[in-house]
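Below is one structure, written out as C-alpha cells, with a few remarks after it.
The values are calculated or read from the model by the stated rules, or taken from the named source; none is laboratory data. Remember, predicted model here, so these are calculated numbers, not experimental data. For neighbour counting, all protein chains shown are included, and Cβ atoms are generated from backbone atoms with ideal geometry for every residue, glycine included.
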C-alpha cells in the first residue's frame with residue numbers, strides 16, 4: 001500500500017507542474033481571445049507559443065527542462081496536455097488542432113531556442129527571465145496589429161482522373177450518386193479528423209432551377225446550385241450552406257465554412273473526350289482570409305483534394321462497373 005502510494009505521489013508530482021502549465025496555456029489563450037486577438041493567423045499561431053514558451057520555461061520546476069533539447073521536450077509535453085485538455089473540454093476540434101500543430105510547434109521551438117540562448121547570455125542578470133517574457137509579449141501585440149489587414153485569397157483547386165468510358169456515360173453518373181456504401185470510400189486522414197464519408201448526391205429540378213443535394217452521413221447536408229450545364233462536357237455550380245447544414249460536433253468554430261476566415265465558393269466538372277476514355281476534372285474554389293499564406297493554402301488543398309479524390313475515385317469505380 002505504501003509502495004503504491006509512493007508511486008502515485010511521484011506520478012502526481014511529475015505531472016502536476018505540466019498539468020498546471022497546460023491549464024495556464026488554455027486560460028491564456030482564452031484571455032487573448034476575450035481581449036479580441038485573432039486566433040487564426042500568424043500573430044496567434046506563431047506568437048502565442050513563443051510567449052507561452054517563455055512563461056512555461058520561466059515557471060517550470062527546478063531541474064526540469066534545462067538544456068535546449070530537454071527544454072523543447074518538456075514544452076512539447078506541456079503542449080500535448082494543453083491540446084488534449086482543449087479537445088476534451090470542447091474548446092477546439094480535431095481539425096483545428098491538426099492545423100494548429102505545425103505553427104505552434106514551430107513557435108514553441110523558436111521560443112525555446114530564444115529563451116535558452118537568452119538565459120545563457122543573461123544568466124548573470126537577476127531580471128533576465130522577466131525581460132524574456134515581456135519582450136515577446138510586446139512583439140506579439142505589434143505583430144497582431146500589423147497583420148490584421150492582409151488581403152484575402154481565392155484558391156482554385158483541381159484534380160483529374162481518366163475513366164474507361166465515353167463522356168455521355170460519365171456525365172449521366174455525375175448528376176446523381178445514390179446509396180454510397182462506406183466500403184466504396186477508402187478511409188482518408190480527413191475522415192480520422194471527424195469529416196464523414198459521402199453517402200448520397202441527389203439531382204433535383206424545380207421552379208427555381210436545379211440543385212444537387214450532397215449528403216455526408218446524417219450530419220452533413222449542403223447544396224450545389226447548378227449555374228451551367230453543357231451536355232456531356234461541363235457542369236458548374238455555386239455552393240450553398242444553409243443554416244444547420246452541418247452538425248456542431250463536426251464543424252470547428254475557427255474554420256467554419258462561410259465564417260470570418262474560410263469559405264467554399266463554387267466548383268464544377270469538365271469532361272474531355274479521349275476517344276474510348278474520358279478525362280474528368282473536378283475544380284473547387286475556396287476563399288481564405290486567415291493571413292497564413294502558404295500554410296493556409298496547404299490546408300485548403302489538403303482538404304479539398306482529399307474530397308476530390310474520394311469523389312473522382314467513386315465515379316470511376318461506378319462507371320467502369322456498369
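Residue under question is residue 275, and the condition is that it be without any contact (Cβ under 8 Å) to a residue 12 or more places away in the chain and more than 30 Å from residue 86 (Cα to Cα); does it hold? Please lay out each step first, then the result.
Values: without any contact (Cβ under 8 Å) to a residue 12 or more places away in the chain: yes; more than 30 Å from residue 86 (Cα to Cα): yes.
Judged against the criteria, residue 275 is a match.
Here are some conditions: (1) at negative phi; (2) under 17 Å from the mean Cα position of the chain (by Cα); (3) not in a strand (DSSP E or B). Residue 264 meets all but one. Which one does it not meet?
Failing condition for residue 264: (3).
Among the residues of the stretch 141-157, write down those that are at pLDDT 90 or above and out of contact with any helix residue (DSSP H, G or I) (no Cβ under 8 Å at 6 or more places or on another chain). Walk me through how you get there before you give the answer.
Looking only at the stretch 141-157, we keep the residues that are at pLDDT 90 or above, and these are 154-157.
Passing the criteria: 154, 156.
Out of 241, 189, 262, 222, which single residue is exposed (fewer than 15 other Cβ atoms within 10 Å of the Cβ), at pLDDT below 95 and either farther than 23 Å from residue 297 by Cβ or not assigned by TED's automatic domain parsing to the domain that holds residue 96 (or both)? Before the answer, list the steps.
On the way: 241 fails: exposed (fewer than 15 other Cβ atoms within 10 Å of the Cβ); 262 fails: exposed (fewer than 15 other Cβ atoms within 10 Å of the Cβ); 222 fails: exposed (fewer than 15 other Cβ atoms within 10 Å of the Cβ).
Every option except 189 fails the conditions.
Please determine, by comparing only the residues of the stretch 209-219 that are touching a strand residue (DSSP E or B) at 6+ places or on another chain (Cβ under 7 Å) and surrounded by 14 or more Cβ atoms within 10 Å (Cβ to Cβ), which one is modelled with the lowest pLDDT.
Filtering the stretch 209-219 for residues touching a strand residue (DSSP E or B) at 6+ places or on another chain (Cβ under 7 Å) gives 209-215, 219.
Within this subset, residues satisfying the condition of being surrounded by 14 or more Cβ atoms within 10 Å (Cβ to Cβ) are 210-215, 219.
Values: 210: 94, 211: 95, 212: 94, 213: 93, 214: 93, 215: 93, 219: 85.
Among them, the one singled out is 219.
Any idea how many residues of the stretch 287-303 are under 20 Å from residue 197 (Cα atoms) and either at pLDDT 90 or above or surrounded by fewer than 18 Cβ atoms within 10 Å (Cβ to Cβ) (or both)? Before the answer, list the steps.
Restricting attention to the stretch 287-303, the residues satisfying the condition of being under 20 Å from residue 197 (Cα atoms) are 299-303.
When the remaining residues are screened for being either at pLDDT 90 or above or surrounded by fewer than 18 Cβ atoms within 10 Å (Cβ to Cβ) (or both), the result is 301-302.
The qualifying residues number 2.
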